[in-house]
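Comments concern the structure below.
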């Protein structure tokens, strides 16, 4: 993926976050008018706590509904325990640079390992994608999700829920397109099946 495209997608995500911040500011201003400054501060703090609690509860419920959470092996996790539908291989006359794993809409997706989200949002071809850079420099790419639950710059842990399965972008049904870029975005793209197997995770 080109630097220009990454910059464009980062700008889009920044705009969305700024819009959210604007909505939060409007909400807070309305609370101040209704409850006064001290009451508004307490109410907004409780609102954020409730939001985090609800998000955690929803994530736990989804994990329970779809098998109880990620498949783990030491410090690594299987991003999606679904049906393998396409390989890292030549397909329809072009190279398919990742693997596809199908699952029902809104199935939780998990980070393959500890790392930092370097991109999360709209992505050409994928509709939406998340890029996570791990401590060794490798980047795992998760595409076509319906809902993204992380933001750029966020630290994530192996097995942490990062998104929900979707069919965004160039897609014929709900699935995860998973890629591995060795050494960073723009590095050598390798077969995720082998990369994961070397870490004790089997697709």
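The values are calculated or read from the model by the stated rules, or taken from the named source; none is laboratory data. Remember, predicted model here, so these are calculated numbers, not experimental data. Neighbour counts are summed over all protein chains in view; Cβ atoms, including those assigned to glycine, are modelled from backbone coordinates with ideal geometry.
Some observations on this one:
- Residue 69 being in a loop (DSSP other than H, G, I, E, B), in contact (Cβ under 8 Å) with a residue 40 or more places away in the chain and under 21 Å from residue 201 (Cα atoms): yes
Conditions (1) in contact with a helix residue (DSSP H, G or I) (Cβ under 8 Å, 6 or more places away or on another chain); (2) farther than 17 Å from residue 69 by Cα; (3) assigned to a strand (DSSP E or B), marked per residue:
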residue: 95; (1), (2), (3): no, yes, yes
residue: 105; (1), (2), (3): no, no, no
residue: 118; (1), (2), (3): no, yes, yes
residue: 131; (1), (2), (3): no, yes, yes
residue: 137; (1), (2), (3): no, yes, no
residue: 140; (1), (2), (3): yes, yes, yes
residue: 158; (1), (2), (3): no, no, no
residue: 168; (1), (2), (3): no, yes, no
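- Selection status of residue 98, within 16 Å of residue 156 (Cβ to Cβ), surrounded by 14 or more Cβ atoms within 10 Å (Cβ to Cβ) and modelled with pLDDT of 85 or more: no
- Residue ID - surrounded by the most Cβ atoms within 10 Å (Cβ to Cβ), chosen from residues in region 175-193 that are over 16 Å from the mean Cα position of the chain (by Cα) and under 14 Å from residue 78 (Cβ atoms): 192
- The one condition from (1) crowded, with 16+ Cβ neighbours inside 10 Å; (2) farther than 15 Å from residue 107 by Cβ; (3) at pLDDT below 95 that residue 172 does not meet is (1).
- Qualifying residues in region 129-153 (those that are buried (at least 17 other Cβ atoms within 10 Å of the Cβ) and over 9 Å from the mean Cα position of the chain (by Cα)) - the one farthest from residue 189 (Cα to Cα): 146
- Residue that is nearest to residue 158 (Cα to Cα), among those in region 72-93 that are free of Cβ contacts under 8 Å to residues at least 24 places away in the same chain and not in a strand (DSSP E or B): 81
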